[in-house]
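Engineer: A single structure is presented below for examination.
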Amino acid sequence: MAAADASSMLLGSTESLRYFTGLVWHQSERLLGALVTPTALTYIVPGFERSRVETLLQMPGDIATWEEEEDPADLVASLTGPMRRVALDDALPLFIYHALVGRMGAERLCDGGRLLRDLRICKSAAELALIQYAMDLTLEVQKRAHAIMKPGIRASEVVRYIDEQHRLLGASGGSTFCIVSFGVATSLPHGAKDDQVLENGQAILVDTGARIDGYNSDLTRTYMLDEQDEDFARVWQIEREAQQAVFDHAQIGTPCHHLDDAARAVLARHGLGPDYRLPGLPHRAGHGLGLEMHEEPYIVRGNQAILRAGMCFSNEPMIVVPGRFGIRLEDHIFVTEEGPRWFTKPAKGPTQPFD
């Protein structure tokens, strides 16, 4: 905070609140968060929620309350003191920012997002263990989903099954998301809106994840069951080659954009792309993962951020062939002093989605 010329940091009901204090709270129209100074931690809490907050896991701190007819911005202002600069959690809702501006003035507020994200971006051994546990769980769910695939099954059936299996294996919230696509719908990176029925010889794409103690898994497999289209098999191998290129470049000190560049270079050598042109890779090659499904570092063109030990991110340089199919192989990487490590082993082949 001193480097940011701020005397305090205001956290909202965000993943940063969970990360720094342990308190988990869902965002609503009422401000509940924490004010952090170099010497104190004070929770900002609606008066009627105090008794509940006191029962929840959290770091020790004072609790300051505001009543329903009061403006919580007045409480924040009184706690920070006159003329002191406050850094703001960048995930705070805009309506809270406007209330603070009205009470304190914009000149007293600054963006604390960079400070928070720089502290969260490198994962500890405990965080890596939670992510690994979540990834292993979802990998097993992917294997079980693969085992029930057969012509005539509906995508909605598979989605329900995946949610059930996540719950059965210990993810109490079930799937945090699930995309199941067949045939041409696999060429839509985030799936089609309509339910689909699997037919013989169609590509299958399954992208899903869950949360374990707040930390996310995210895993995609694309495959065919038995019948193998030659074009699909050829593009699948290019996709796997591009994924491996991203992994091989994931070394400490490497700028993030080099990994995206490496994936696109593989595609270009095979006559795909270039840039974001299709057939080719229409989006970034990966995204960070932790308490948020998508967070820094982003593996994207132009990102000069340097890889450091503990950074985690997806490796998913999807290839889209419009009107035919899309192939996304998504596994995640964490960076170590000895080089990159996979959370899950990459797929083995076009009809063998697991090693």
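Here, each number is a calculation from the coordinates, and none is a lab measurement. The model shown is predicted, which means the values in this text are computed figures rather than measured ones. Note that each Cβ is placed from the backbone with ideal geometry, even for glycine, and that neighbours are counted across all protein chains shown.
Engineer: Could you tell me the center-to-center distance, by alpha carbons, between region 83-127 and region 8-53 in angstrom?
Structural biologist: Region 83-127 and region 8-53 have Cα centres spaced 12 Å from each other.
Engineer: Also, I was wondering about something else. Let's see if you can work this out: charge +1 on each Lys and Arg Cβ, -1 on each Asp and Glu Cβ, no other charges. What is the dipole magnitude of the chain about its Cα centre, in debye to the nearest 20?
Structural biologist: Working: 34 positive and 49 negative charges, 108 e Å.
Value, rounded to 20: 520 debye.
Engineer: Please go through region 225-298 and write out the trypsin sites (Lys or Arg not before Pro) that DSSP classes as loop and that have at most 12 other C-beta atoms within 10 Å.
Structural biologist: Hits after loop and neighbour filter: R277.
Engineer: I'd like the orientation of helix 125-148 relative to the chain: the angle between its Cα long axis and the longest Cα principal axis, in ° from 0 to 90, rounded to 10.
Structural biologist: Tilt relative to the chain: about 40 degrees.
Engineer: With everything on Cα atoms, drop me the angle between helix 155-168 and the longest principal axis of the chain, reported from 0 to 90° to the nearest 10.
Structural biologist: 60
Engineer: Ok, one more. Going by how many other Cβ atoms sit within 10 Å of their own, how do I319, I96, I121 line up, fewest first?
Structural biologist: Values: I319 27, I96 22, I121 18.
Taking fewest neighbouring Cβ atoms as first place, the list is I121, I96, I319.
Engineer: Can you list the GluC sites (Glu not before Pro) in region 180-280 that are in a DSSP coil and have 13 or fewer other beta carbons within 10 angstrom? Working shown, then result.
Structural biologist: Details: sites: E199, E227, E230, E239, E241; in loops: E199, E227.
Within region 180-280, the qualifying GluC sites (Glu not before Pro) (loop, at most 13 other Cβ atoms within 10 Å) are E199, E227.
Engineer: Could you pull out which residues in region 161-200 have an amide N less than 13 Å from a spot 7 Å beyond the Cα of D229, following the Cα-Cβ vector?
Structural biologist: Only 182-188, 199-200 pass the distance filter.
Engineer: Please sort by residue number the GluC sites (Glu not before Pro) in region 68-168 whose DSSP state is loop and whose Cβ has at most 11 other Cβ atoms within 10 Å.
Structural biologist: E68, E69
Engineer: Which values of log₁₀ I(q)/I(0), to two decimal places, follow from the Debye formula for region 125-342 at q = 0.12, 0.18 Å⁻¹ with a uniform point scatterer at every Cα?
Structural biologist: Those come out to -0.62, -1.31, one per q.
Engineer: Would you mind ranking T186, T176 so that the residue whose beta carbon has the fewest other beta carbons within 10 Å leads the list?
Structural biologist: By the 10 Å Cβ count, ascending, the order reads T176, T186.
Engineer: With 10 angstrom as the radius, rank V235, V300 by how many other C-beta atoms surround their C-beta, starting from the fewest.
Structural biologist: Going from sparsest to densest Cβ surroundings: V300, V235.
Engineer: Does anyone have the angle between helix 230-248 and the longest principal axis of the chain? Alpha-carbon axes, 0 to 90°, nearest 10?
Structural biologist: 40
Engineer: For region 8-120, build the convex hull from the C-alpha positions and give me its volume per residue in Å³.
Structural biologist: 94
Engineer: When the helices in the chain are scored as -39500 (n - 2.57) per DSSP H run of 4 or longer and the sum is shared across all residues, what 222 nm value do you end up with, to the nearest 500 deg cm²/dmol? Write down the numbers at each step before the final one.
Structural biologist: Values: 9 runs with 110 residues, N = 355.
Result for the chain, helices only: -9500 deg cm²/dmol.
Engineer: Please find the FRET efficiency linking E199 to T254, where r is the Cβ-Cβ separation and R0 is fixed at 41 Å, and quote it to the nearest 0.05.
Structural biologist: 0.45
Engineer: What residue among A233, A34, A125 has the largest mean-square fluctuation in a Gaussian network model of the chain, using Cα springs under 10 Å?
Structural biologist: Residue with maximal mean-square fluctuation among A233, A34, A125: A125.
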